[in-house]
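The values are calculated or read from the model by the stated rules, or taken from the named source; none is laboratory data. What you see is a predicted model, and the numbers here were worked out from it, not measured in a lab. Every residue, glycine among them, receives a Cβ derived from its backbone with ideal geometry; neighbour counts consider all protein chains shown.
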């Protein structure tokens, strides 16, 4: 909220229901303590409430709280049908009321839109691009939990959890609790809490690929999908994590760096002997080819040209082929 004066009206606009719902929850948390919601929150869908009821509730004196919050969901038609009343309210909003209108679209050319900046703000909710996601996670970790997360750590989380913002926010919530007294969410937290099983399973598939055992590789891949409902969104990230680490480790190994030093530098955990046995069986050029083919598969999945399960099986078979 503004430091100069409180916003009295909020418009949350967005078409993604999960992101809009998360933003509504965040705003309610900001405006009201949980104990205040019984008496301080009126939450209704637009079709079940009249404009008169909404305005009356906004003007009702708050009880056991300093403000009344009125949330109107699915409010596109509500706004269109009640513009004159809402325009009058925007001109003179109740100082103890907070109106939240949730809409799919908000035209900036209307009288309401032009009045809004004087008494409140528009919160536009849209799925950010993958390039924008790390910064959004950095900001969310700081704002919601007073935790730091580095750009690279945020990238790691996106690789392992997928790129749906509401799911990533949920992962940050869990990681903040898991990190406990630590001031930062570190890769070790992410690997342990978010990615351990996923990374272990991807490692097992890659181990079968390196061993040129396509039947076992496909069986393990199918096991990943059957055990993890979110795998179709995260499987590429788990593979990318391993392939990038293999590439970096192989480059260092070729330069004469010892496995122990490499493991410490890159944070390699678990079966380090198995990891180095894998990369010794492939050249840097071959690992680079794995990464390139994975990127092509990822693009095909994200653009809807391929089904995740089918595309990943086809990739595994191609990588197993000499």
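Can you name every residue in the stretch 2-51 that is in a helix (DSSP H, G or I), farther than 27 Å from residue 127 by Cβ and out of contact with any helix residue (DSSP H, G or I) (no Cβ under 8 Å at 6 or more places or on another chain)?
Once the filter is applied, which keeps residues that are in a helix (DSSP H, G or I), farther than 27 Å from residue 127 by Cβ and out of contact with any helix residue (DSSP H, G or I) (no Cβ under 8 Å at 6 or more places or on another chain), the stretch 2-51 yields 34, 35, 36, 38, 39, 40, 48.
When you look at residue 150, is it under 15 Å from residue 190 (Cβ atoms), touching a residue at least 12 places away in the same chain (Cβ under 8 Å), surrounded by fewer than 20 Cβ atoms within 10 Å (Cβ to Cβ) and not assigned by TED's automatic domain parsing to the domain that holds residue 245, yes or no?
In short, yes.
Residue by residue, here is whether (1) crowded, with 19+ Cβ neighbours inside 10 Å; (2) modelled with pLDDT under 90; (3) assigned by TED's automatic domain parsing to the domain that holds residue 143; (4) under 25 Å from the mean Cα position of the chain (by Cα) holds:
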site	(1), (2), (3), (4)
14	yes, no, no, yes
19	yes, yes, no, yes
23	yes, yes, no, yes
26	no, yes, no, yes
32	yes, no, no, yes
40	yes, no, no, no
43	no, no, no, no
47	no, yes, no, no
52	no, no, no, no
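Any chance the stretch 154-167 includes a residue that's more than 17 Å from the chain's Cα centre (by Cα) and at pLDDT below 90?
No, that holds for no residue.
For the stretch 97-122, name all the residues that are farther than 15 Å from residue 78 by Cβ and either touching a helix residue (DSSP H, G or I) at 6+ places or on another chain (Cβ under 7 Å) or surrounded by 17 or more Cβ atoms within 10 Å (Cβ to Cβ) (or both).
97, 98, 111, 115, 116, 119, 120, 122 - these are the residues of the stretch 97-122 that are farther than 15 Å from residue 78 by Cβ and either touching a helix residue (DSSP H, G or I) at 6+ places or on another chain (Cβ under 7 Å) or surrounded by 17 or more Cβ atoms within 10 Å (Cβ to Cβ) (or both).
Here is a check on your reading of the model: is residue 189 at pLDDT 85 or above and under 22 Å from the mean Cα position of the chain (by Cα)?
So residue 189 passes the test.
Among the listed residues 188, 222, 198, which satisfies the condition of being surrounded by 14 or more Cβ atoms within 10 Å (Cβ to Cβ) and either within 30 Å of residue 142 (Cα to Cα) or assigned by TED's automatic domain parsing to the domain that holds residue 152 (or both)?
Going through 188, 222, 198 in turn, the sole match is 198.
Under 6 Å by Cβ, and 6 or more places apart or on different chains, what pairs join a residue from the stretch 207-219 that is touching a residue at least 60 places away in the same chain (Cβ under 8 Å) with one that is surrounded by fewer than 16 Cβ atoms within 10 Å (Cβ to Cβ) and not in a helix (DSSP H, G or I)?
Short answer, once both residue conditions are applied: 210/281.
Just to check your reading of the model, which residue among 202, 144 is over 25 Å from residue 279 (Cα atoms), touching a helix residue (DSSP H, G or I) at 6+ places or on another chain (Cβ under 8 Å), assigned to a helix (DSSP H, G or I) and touching a residue at least 40 places away in the same chain (Cβ under 8 Å)?
144
Which one of 294, 253 is over 18 Å from residue 158 (Cβ atoms) and either crowded, with 18+ Cβ neighbours inside 10 Å or not assigned by TED's automatic domain parsing to the domain that holds residue 152 (or both)?
From the options 294, 253, the qualifying one is 253.
Where residues in the stretch 116-139 are assigned to a helix (DSSP H, G or I) and out of contact with any strand residue (DSSP E or B) (no Cβ under 9 Å at 6 or more places or on another chain), which of them is nearest to residue 163 (Cα to Cα)?
133
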